[in-house]
Each structure stands twice: as C-alpha cells, then as structure tokens.
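Have a look at the structure below, then the notes.
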Amino acid sequence: MRQKALTVEEIARRGRDFYERELRPNVEAAHHGQFLVLDVITHSFEIADDDLTASDRVLKNNPKAVLYGCRIGYAAAYRIGPATAVGASRGAGR
C-alpha cells in the first residue's frame, strides 16, 4: 500500500518530536555540534560531522527515506548572516 505524502510541516513535526523524546537525551553530550539525520518513517538515523554525510548514510540503507535533520545541541543547523563576536567593537580596523 502506498503511503500518503507528508507535508514539510508534518516531516518537521515528526522529526523534532521523535528527536526530543527518544534521541536527544542519548546523543547530546557525546555528539554536540554534529549533525543527526533521521528517517521519520522508520526512525533510523545517522550522526556525522556534516549533514550530507549523515543524509547519504540514511539514504544508502533506505533510498525512499523521508529525512529530518538537525545539529545536535543547537536551535538551528545553520545561521544566515554575518557572525559577530560578543564585545567586538564596530568599525575596528577602519
């Protein structure tokens, strides 16, 4: 039987919920800063130093996996915009 396609919102909800409930307590201390990619259907997952490697590993085992990814210990996997150091003065070096 063919499964109904999940929306992006449903994939994110399922992935986030499973990660918070089942995985976070077991992986955060040892893998802080690494990427976790999870198949939201089977709950199989991989951890790697980059998201592409983790994704490739999950997809190798299940090419039809529905993926959710996160950076362990961070609110977001990536940041958009310039990074600034705390306490750095503006205009330094001008």
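Computed from the coordinates by the stated procedures, all read-outs in this text should not be read as laboratory data. Computed from a predicted structure; not experimentally measured. Every residue, glycine among them, receives a Cβ derived from its backbone with ideal geometry; neighbour counts consider all protein chains shown.
Using 0.36 nm per residue and subtracting the Cα-Cα separation, the extra length available between residue 4 and residue 79 on full extension is 23.8 nm.
Scalar couplings 3J(HN,Hα) for the range 31-43, obtained by applying the Karplus form with A = 6.51, B = -1.76, C = 1.60 to θ = phi - 60°, are 10, 3, x, 7, 9, 10, 10, 10, 7, 6, 8, 9, 6 Hz; x denotes Gly and Pro.
Can you list the equivalent-ellipsoid semi-axes of the range 8-71, largest first and in whole Å, using the square root of 5 times each Cα gyration tensor eigenvalue?
Details: eigenvalues 55, 44, 17 Å².
Listed largest to smallest, the semi-axes of the range 8-71 are 17, 15, 9 Å.
Looking at the range 1-61, which trypsin sites (Lys or Arg not before Pro) are in a loop (DSSP not H, G, I, E or B) and have at most 16 other Cβ atoms within 10 Å? Before the final figure, lay out each step's value.
Working: sites: 2, 4, 13, 14, 16, 21, 57, 60; in loops: 2, 4.
Taking the range 1-61 and a limit of 16 other Cβ atoms within 10 Å, the loop trypsin sites (Lys or Arg not before Pro) found are 2, 4.
Between the DSSP loop rule and a limit of at most 10 other Cβ atoms within 10 Å, which chymotrypsin sites (Phe, Trp or Tyr not before Pro) in the range 49-78 are left? Those that pass, being in a loop and sparsely packed, are 78.
Annotation: amide H of residue 44 within the under-5 Å range of 39, sequence separation 5 or more or interchain, hydrogens built in the peptide plane.
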